[in-house]
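This report concerns only the one structure given below.
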């Protein structure tokens with residue numbers, strides 16, 4: 001596709017939407033391929049949960065840098081080339097992580113940082129492009145796009161679980177994933193529209209001025225509240241990605257393979273909820289969706305942490321996943337509602353969400369050294385409750401929120 005305008009035809013719009021579905025899937029697959037093998041990584045490196053948390057901070061740091069750099073990279077390369085490049089960079093990081101597990105701990109940290117950087121860049125780009133496609137389609141599709149991210153995480157979790165049960169070396173498993181994702185990324189971006197690269201100015205703007213301009217979006221009180229929604233719900237989702245498998249192993253004395261399967265249950269529940277989330281939001285509104293999601297996440301987390309037996313914890317993991325489903329996509333759609341600052345606003349709330357999504361799990365690992373991983377999940381409940389209180393900020397600008405009949 002070589003269109004220079006958005007939605008040149010209905011067929012082109014559908015192809016664009018479907019291409020973004022696959023990009024979200026590839027991003028989820030790459031993240032889950034790493035997350036599902038965390039128990040194997042800890043075993044191979046022979047490190048504690050506290051040290052593992054610090055190792056995972058390498059991905060957090062890389063991701064935050066990627067989020068901060070995403071708009072500049074998008075202006076330089078355009079969305080199509082930017083998404084392709086970012087996915088390939090993240091695959092380089094995943095490959096380094098896989099082989100680094102048999103070499104040295106610092107190599108793993110470098111690999112995770114590169115993986116995080118690429119993932120941070122592609123995350124802002126695909127969400128911004130998804131918000132634009134949502135406007136063109138005239139209906140809520142962002143939860144469906146994030147559902148495909150969850151499809152990728154389910155696939156990654158299942159593949160990771162199979163690899164763990166069959167004792168496939170981490171380097172071999174991740175090499176296969178890298179080959180598949182790289183090939184798909186090169187092909188699928190052909191259907192993302194080519195658009196003129198619009199820069200804000202032809203003059204070189206000093207870094208301080210650019211920083212102040214980007215920070216100015218936070219003067220909007222509504223955006224701050226949307227950021228709080230992203231913060232709580234992203235932490236609930238991100239902590240599961242990094243720690244739910246290990247918490248099952250440590251807290252319920254299950255095998256690493258079982259831990260990976262529980263992570264699969266979490267992301268399956270999250271995925272299914274996102275597939276039905278769009279029609280629910282169109283019928284009842286964003287505010288109702290956030291309130292229902294946050295309430296379910298609190299219930300699921302409490303059950304997972306305090307369950308007296310493993311089967312109940314499994315039910316809690318499913319409720320936890322369903323509760324996390326709509327916070328991030330709804331927050332992205334709400335943040336993008338601005339005539340001139342959509343990119344800056346999406347980047348800003350993504351940054352806030354990913355500070356929790358990526359920096360929170362290392363802190364949980366350190367806390368888990370003192371109170372155990374299950375009890376280390378307790379602070380998440382408070383932040384999810386704050387997201388529940390901030391739900392009215394997600395109401396569409398200029399439109400009355402739908403009421404539940």
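The values are calculated or read from the model by the stated rules, or taken from the named source; none is laboratory data. Please read all numbers here as calculations on a predicted model, not as lab measurements. Here Cβ is always computed from backbone atoms with ideal geometry, including for glycine, and neighbour counts include all displayed protein chains.
Looking at segment 60-76, is at least one residue surrounded by 24 or more Cβ atoms within 10 Å (Cβ to Cβ) and under 19 Å from residue 151 (Cβ atoms)?
No, the conditions are met nowhere in segment 60-76.
Answer with yes or no whether residue 185 is surrounded by 21 or more Cβ atoms within 10 Å (Cβ to Cβ) and within 22 Å of residue 265 (Cβ to Cβ).
Values: surrounded by 21 or more Cβ atoms within 10 Å (Cβ to Cβ): yes; within 22 Å of residue 265 (Cβ to Cβ): no.
No, not satisfied.
Would you call residue 218 surrounded by fewer than 22 Cβ atoms within 10 Å (Cβ to Cβ), more than 24 Å from residue 84 (Cβ to Cβ) and either modelled with pLDDT under 85 or out of contact with any strand residue (DSSP E or B) (no Cβ under 9 Å at 6 or more places or on another chain) (or both)? Spell out the reasoning first.
Numbers: surrounded by fewer than 22 Cβ atoms within 10 Å (Cβ to Cβ): yes; more than 24 Å from residue 84 (Cβ to Cβ): yes; either modelled with pLDDT under 85 or out of contact with any strand residue (DSSP E or B) (no Cβ under 9 Å at 6 or more places or on another chain) (or both): yes.
The answer is yes for residue 218.
Quickly run through segment 372-387 and pick out the residues that are closer than 17 Å to residue 307 by Cβ and part of a helix (DSSP H, G or I). Step through it out loud before you land on a result.
The first filter runs over segment 372-387 and keeps only residues closer than 17 Å to residue 307 by Cβ, leaving 372-378, 380-381.
Residues satisfying the conditions are 373, 374, 375, 376, 378, 380, 381.
Residue check, residue 132 against (1) in contact with a helix residue (DSSP H, G or I) (Cβ under 7 Å, 6 or more places away or on another chain); (2) at pLDDT 80 or above, all met but one. Which one?
Looking at each condition in turn, residue 132 falls short on (1).
Do we have residue 250 as at pLDDT 85 or above, under 30 Å from residue 373 (Cα atoms) and surrounded by 13 or more Cβ atoms within 10 Å (Cβ to Cβ) here? Steps first, please.
Working: at pLDDT 85 or above: yes; under 30 Å from residue 373 (Cα atoms): yes; surrounded by 13 or more Cβ atoms within 10 Å (Cβ to Cβ): yes.
Criteria met by residue 250.
Could you tell me whether segment 111-119 includes any residue that is surrounded by fewer than 21 Cβ atoms within 10 Å (Cβ to Cβ) and over 25 Å from residue 46 (Cα atoms)? Spell out the reasoning first.
Initial filter on segment 111-119 (surrounded by fewer than 21 Cβ atoms within 10 Å (Cβ to Cβ)): none.
No, that holds for no residue.
Just checking, which of 183, 213, 163 is at pLDDT 85 or above, in a helix (DSSP H, G or I), out of contact with any helix residue (DSSP H, G or I) (no Cβ under 7 Å at 6 or more places or on another chain) and farther than 30 Å from residue 388 by Cβ?
Testing whether each residue is at pLDDT 85 or above, in a helix (DSSP H, G or I), out of contact with any helix residue (DSSP H, G or I) (no Cβ under 7 Å at 6 or more places or on another chain) and farther than 30 Å from residue 388 by Cβ leaves just 183.
Assuming residue 69 fulfils every condition listed in (1) over 19 Å from residue 349 (Cα atoms); (2) touching a helix residue (DSSP H, G or I) at 6+ places or on another chain (Cβ under 8 Å); (3) free of Cβ contacts under 8 Å to residues at least 60 places away in the same chain apart from one, which condition is it?
Condition not satisfied by residue 69: (1).
Looking only at segment 238-247, count how many residues are buried (at least 24 other Cβ atoms within 10 Å of the Cβ) and more than 13 Å from residue 265 (Cα to Cα).
Within segment 238-247, residues that are buried (at least 24 other Cβ atoms within 10 Å of the Cβ) and more than 13 Å from residue 265 (Cα to Cα) number 5.
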